[in-house]
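I have placed the structure first, in the form of structure tokens, so that the comments after it can refer back to it.
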Amino acid sequence: MRASGFTRTTFSGTTFGGWYFLVQAFAITGWWLYLNIAPDAMQPFLPPGAAVADLRAFQAPDLLVAVPASLAAAVAFFLSRRWTVPLAWLASGAVIYAFVYCVAWSIARDGAWLSVAMMAPAALFSGISALDLSASTIVIFRRAAGGTSRHIVATIAQIVAFWSFFLFIVPAAIAFVERELRWPAFSVPAQRVVGGLLFIAFSSLGLASGLTMSSRGAGTPLPFDATNRLVTTGPYAFVRNPMVVAGLGQGAAVAVWLGSWAVLAYVVVGGVLWQYLVRPAEERDLREAFGDQFAAYCCDVHCWIPRLSPYRGVRL
């Protein structure tokens, strides 16, 4: 068991990135093949005043950069070649650039938001895949330095930044695109009241969890500024990942407030990505840092389903 000190753990990664870039290469190729066979299918992706030639201008960079880079990154990964990482970031950069261009194009032309809606998931998964394939070169888990006051201030700053971006900016952008595309919303009785109360409840859980971690764990929620002590009190006495539960709950509350199916899907995707890409690496680091103490904690406290009574194992 290691209760203090500084450790460095590499993010080992998964096969997700390799498979995703392989699928992306064939998906982009198939997309352009379909549009060339059925040119009328381009119309929903054209903003007012734009010509078909404007959309076709995307074809060359997609087929000459994004597709070869995605395919090469996937092949390099499965063959365990050292150039996997630069190829992955080249492919990701090409897709993210295309997404940003689509956003600028839609804003300037006041239309073609369907292209933004389709490119957003591609940009997200492409970036995540590049990070996944970079895992062996990234040192992401480090024990925090400094005192309790510094950890509390850092945790509050992290909470403000993360909530502002992931719970306000991103959902607002998703809802805007949804309205532009005239996608149907959903409604529930007393929708704003339900959404507001849920957001307050889950925000309280998130704030309590963050402050408990920073005050009792000698660290912050971020992996590169992680705790030096295993936290098993407060919300952590009932569920292993209360901050993740709180974040997903907040996101669902925002979806209810907005009546947005797309925001709800965004929350579900976030939960799946955390479960299968982030959680394994995080728990591996905790096992290395806290050994048998973390193993005993995992036996008694679940990741998602809260206990009815608080955990009463070894307390630090």
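Quick notes on this structure:
- Among residues of region 89-111, those that are among the small types (Gly, Ala, Ser), under 27 Å from Leu22 (Cα atoms) and either out of contact with any Gly (no Cβ under 8 Å at 6 or more places or on another chain) or modelled with pLDDT under 95 (or both), counted: 4
- From Val272, Val254, residue being open to solvent by less than 30 Å² (accessible area, probe 1.4 Å) and either closer than 30 Å to Trp183 by Cα or touching a residue at least 40 places away in the same chain (Cβ under 8 Å) (or both): Val254
- If the condition is being under 12 Å from Leu124 (Cα atoms), among the small types (Gly, Ala, Ser) and surrounded by fewer than 20 Cβ atoms within 10 Å (Cβ to Cβ), then region 73-108 contributes only Gly93.
- Residue in region 178-194 that is among the polar types (S, T, N, Q), surrounded by 13 or more Cβ atoms within 10 Å (Cβ to Cβ) and in contact with a helix residue (DSSP H, G or I) (Cβ under 7 Å, 6 or more places away or on another chain) present: yes
- Hey, Val244 within 30 Å of Ala117 (Cα to Cα) and out of contact with any Pro (no Cβ under 9 Å at 6 or more places or on another chain) or not: yes
- Candidates Leu308, Leu264, filtered to the one that is under 19 Å from the mean Cα position of the chain (by Cα) and open to solvent by 30 Å² or more (accessible area, probe 1.4 Å): Leu264
- Residues being within 24 Å of Arg287 (Cα to Cα) and in a helix (DSSP H, G or I) - total across region 138-151: 2
- Taken together, the criteria place Leu197 among residues that are modelled with pLDDT of 95 or more and open to solvent by 60 Å² or more (accessible area, probe 1.4 Å).
- Selected residue (criterion: modelled with the highest pLDDT) from residues of region 6-52 that are within 27 Å of Gly219 (Cβ to Cβ) and open to solvent by 40 Å² or more (accessible area, probe 1.4 Å): Thr14
- From the list Gly206, Gly234, Gly146, Gly127, the one residue that fits, being open to solvent by less than 40 Å² (accessible area, probe 1.4 Å), small (Gly, Ala, Ser) and over 20 Å from the mean Cα position of the chain (by Cα), is Gly234.
- The residues of region 160-177 that are surrounded by 12 or more Cβ atoms within 10 Å (Cβ to Cβ), farther than 30 Å from Gln43 by Cα and among the aromatic types (Phe, Trp, Tyr), listed by number, are Phe162, Trp163, Phe166.
- Hey, Ile156 open to solvent by 20 Å² or more (accessible area, probe 1.4 Å), closer than 12 Å to Ala218 by Cα, at pLDDT 85 or above and of a type in the set (A, V, I, L, M, F, W, C) or not: no
The values are calculated or read from the model by the stated rules, or taken from the named source; none is laboratory data. Source: prediction; values computed, not measured. Backbone-built Cβ (ideal geometry, glycine too); neighbour counts: all protein chains shown. Just the protein is used for accessible areas: all its heavy atoms, side chains included, with ligands, DNA and RNA removed. Shrake-Rupley method; radii C 1.70, N 1.55, O 1.52, S 1.80 Å.
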